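The values are calculated or read from the model by the stated rules, or taken from the named source; none is laboratory data. The structure displayed is predicted, hence computed values, not measured ones. Methodologically, a virtual Cβ is constructed for each residue, glycine included, from the backbone with ideal geometry; neighbour enumeration extends over all protein chains shown.
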Amino acid sequence: MSKLNIGIAGLGNVGSALVQTIEENKNYFLDKKDVELNIVGISAKTKNKKRNFNISNYLWYDDPREMSKDDNCNVIVELIGEEKGISYEIIETALKNKKHVVTGNKALIANHGKELFELANINSLALSYEAAVAGGIPVIKTIKNSISLDRINKISGILNGTTNYILTKMQQDNLSFDAVLKIAKDKGFTSDQESKLDIGGYDAAHKLTILSTLCFKSNLNFNNNYIEGISNIKIEDINFAEKLGYKIKLISEACIIEEKISNFTSPKLVSMDNPLASVDNALNAINIETIHLENLFLEGEGAGGKPTASSVLSDLYDISQNEKFDNLGFKIDKLQSFEKYSAKNVINSYYLRIMTEDKPGVLSSITNYFSDFDISVKKILQLPESSEVDKPIPIIITTHNIQKEKLSNVINKIEGLEFVKEKITVLAIHDN
Ligand SMILES: NC(=O)c1ccc[n+]([C@@H]2O[C@H](COP(=O)([O-])OP(=O)(O)OC[C@H]3O[C@@H](n4cnc5c(N)ncnc54)[C@H](OP(=O)(O)O)[C@@H]3O)[C@@H](O)[C@H]2O)c1
């Protein structure tokens with residue numbers, strides 16, 4: 001039988017779900033796997049806050065760094081979530097004091113993971129982070145263990161539940177971005193502070209940084225990301241996309257192109273027949289393409305206390321069973337510094353919404369620019385939206401694959417035309 005003595009720092013959504021599930025399933029773990037998970041210490045910011053378990057069953061630490069030094073613990077679970085600060089200090093102290101660490105903290109791993117993995121490696125300790133990417137979906141272990149010898153060509157997916165909920169609700173209820181954001185905040189799905197990271201695409205990019213490191217051995221470097229959030233997505237684009245057979249999703253994708261790292265998080269049109277299009281509400285999904293697997297698709301609950309606690313449990317189980325820990329799935333000295341692939345060179349097909357005056361000749365003038373610049377148009381939709389005189393009308397164009405820089409040049413020209421009334425909306429179309 002293996003026994004872990006665990007200290008838990010952070011008793012919010014995930015931390016309290018973890019304590020509860022360990023309390024409720026302790027005998028099940030023992031019976032099924034001969035593993036005893038023994039919580040010896042807990043810590044949070046406010047001791048006298050109402051919790052859904054009895055804190056007096058455990059030793060309380062006002063300062064979680066002291067728990068990281070306590071000889072009674074051999075594993076510290078960090079579930080506070082600061083990008084550096086106290087979260088970093090808890091983990092660093094635990095590793096220096098020869099304790100394994102489990103964390104759900106993607107911002108910290110994406111920005112400061114390298115030095116902590118080095119510290120864990122020197123001390124032959126686990127620094128486990130299944131909970132940091134896509135909540136309850138076991139994507140880290142799938143990459144590290146299940147397909148460890150497979151060569152990954154590309155990883156893409158929906159990595160943020162809040163933005164997926166917002167985009168789904170906009171589409172299903174025909175509501176504006178601002179209206180749905182308010183609902184999401186009222187329902188407690190996101191706070192003012194969290195929503196900046198979610199909506200801005202940063203949370204998804206933190207997760208993509210970790211995935212891209214595991215897939216391509218690229219140094220953990222958050223600066224390698226191109227990030228565009230969803231706050232500029234208009235309900236009219238969601239509706240036009242639907243007419244064309246697409247849904248708009250915040251897609252994160254990573255691959256190596258010409259020996260450079262390409263990490264993008266941006267809203268894209270996803271064809272209705274792509275499985276990612278059916279991933280609605282707060283669900284997450286990841287698509288892994290390898291030299292053997294065309295499409296390994298993982299879908300599930302990407303957030304929430306219980307699903308995320310399930311990932312923490314799986315890390316605790318691994319720690320109880322192993323003596324050696326390849327925290328990245330390969331030796332840390334294999335990490336490579338890649339140059340960042342230039343966004344200008346990206347090749348994609350695109351959706352454009354051009355708001356113009358409703359007068360003869362406009363469409364042919366625009367399409368002439370496309371043929372002059374040798375850009376192949378796939379579809380054109382001209383849908384007068386209202387009968388109001390002088391109100392601009394939308395022209396929707398989808399293109400075949402084109403280099404972003406080339407497209408930007410033609411867009412600049414078209415935006416300069418006197419009958420074009422607004423900045424042109426440009427969204428990439430997800431092609432796999
Ligand atoms: N929630 C999810 O769905 C989810 C999914 C995947 C990963 N994660 C990650 O899991 C981690 C925890 O998330 P969460 O949603 O559980 O966060 P949360 O609900 O905001 O809880 C944070 C906890 O940290 C405690 N805390 C804050 N500052 C502290 C300090 N200085 N010293 C000690 N404790 C402190 C808080 O104490 P009080 O309770 O006293 O305020 C609270 O218990 C984060 O890294 C997050 O990114 C969360």
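Before we move on, is Glu388 part of a loop (DSSP other than H, G, I, E, B), in contact (Cβ under 8 Å) with a residue 60 or more places away in the chain and under 22 Å from Glu236 (Cβ atoms)? Against the criterion (part of a loop (DSSP other than H, G, I, E, B), in contact (Cβ under 8 Å) with a residue 60 or more places away in the chain and under 22 Å from Glu236 (Cβ atoms)), Glu388 does not qualify. Filtered by the rule that a residue be more than 16 Å from the ligand (Cβ to nearest atom) and over 17 Å from the mean Cα position of the chain (by Cα), the stretch 180-215 gives Val180, Leu181, Lys182, Ile183, Asp186.
Across the stretch 340-369, what is the total count of residues that are closer than 30 Å to Asn225 by Cα and either polar (S, T, N, Q) or outside any strand (DSSP E or B) (or both)?
8
In the stretch 286-299, the residues that are at pLDDT below 95 form Cβ pairs under 7 Å with partners that are of a type outside the set (Ser, Thr, Tyr), at six or more places apart or across chains, as follows: Asn295/Asn287; Asn295/Glu289. For Ser87, the conditions (1) within 11 Å of the ligand (Cβ to nearest atom); (2) out of contact with any helix residue (DSSP H, G or I) (no Cβ under 8 Å at 6 or more places or on another chain) are fulfilled apart from (2).
For every residue, the table says whether it meets (1) in a loop (DSSP other than H, G, I, E, B); (2) under 25 Å from Glu115 (Cα atoms); (3) within 10 Å of the ligand (Cβ to nearest atom); (4) of a type in the set (Asp, Glu).
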residue: Ile6; (1), (2), (3), (4): no, yes, no, no
residue: Leu11; (1), (2), (3), (4): yes, no, yes, no
residue: Thr21; (1), (2), (3), (4): no, no, no, no
residue: Asn25; (1), (2), (3), (4): no, no, no, no
residue: Lys32; (1), (2), (3), (4): no, no, no, no
residue: Gly41; (1), (2), (3), (4): no, no, no, no
residue: Cys73; (1), (2), (3), (4): yes, yes, no, no
residue: Lys98; (1), (2), (3), (4): yes, yes, no, no
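If you check Lys144, Lys114 for being part of a helix (DSSP H, G or I), of a type in the set (D, E, K, R) and touching a Gly at 6+ places or on another chain (Cβ under 6 Å), only one passes: Lys144. Select from the stretch 22-67 the residues that are charged (D, E, K, R), over 15 Å from Gly12 (Cβ atoms) and surrounded by fewer than 13 Cβ atoms within 10 Å (Cβ to Cβ) and list them in ascending order. Listed by number, the residues that qualify are Glu24, Asp31, Lys32, Asp34, Asp62. Per the listing Ile256, Ile230, the residue uniquely at pLDDT 95 or above, outside the structural domain of Asn105 (by TED's automatic domain parsing), in a loop (DSSP other than H, G, I, E, B) and not charged (D, E, K, R) is Ile230. Selection over the stretch 304-339 of residues that are outside any helix (DSSP H, G or I) and more than 25 Å from Ile233 (Cβ to Cβ) gives a count of 15. Is the stretch 24-38 home to any residue that is farther than 22 Å from Ile90 by Cα and aliphatic (A, V, I, L, M)? Checking the stretch 24-38: at least one residue is farther than 22 Å from Ile90 by Cα and aliphatic (A, V, I, L, M). Taking the stretch 49-69 as the range and being within 32 Å of the chain's Cα centre (by Cα), more than 9 Å from the ligand (Cβ to nearest atom) and in a loop (DSSP other than H, G, I, E, B) as the test, the residues that pass are Lys50, Asn52, Phe53. Checking every residue in the stretch 163-178 against the condition of being surrounded by 21 or more Cβ atoms within 10 Å (Cβ to Cβ), in contact (Cβ under 8 Å) with a residue 24 or more places away in the chain, within 16 Å of the ligand (Cβ to nearest atom) and not in a helix (DSSP H, G or I) gives zero matches. Taking the stretch 333-392 as the search range and keeping residues that are of a type in the set (S, T, N, Q) and closer than 30 Å to Ala120 by Cβ, which one is surrounded by the most Cβ atoms within 10 Å (Cβ to Cβ)? Top of the filtered list is Gln336. Pairing residues of the stretch 49-60 that are assigned by TED's automatic domain parsing to the domain that holds Glu24 with residues that are polar (S, T, N, Q) and within 11 Å of the ligand (Cβ to nearest atom), at Cβ distances under 8 Å and at least 6 apart in sequence or on separate chains, gives Arg51/Ser16; Asn52/Ser16; Phe53/Ser16; Trp60/Ser43.
Based on what the data block shows, is Ser156 touching an Asp or Glu at 6+ places or on another chain (Cβ under 9 Å), away from the ligand (no atom under 16 Å from the Cβ) and under 30 Å from His292 (Cα atoms)? When the stated conditions are applied, Ser156 passes them. Among the residues of the stretch 213-272, just one is on the phi > 0 side of the Ramachandran plot and buried (at least 16 other Cβ atoms within 10 Å of the Cβ), namely Lys217.
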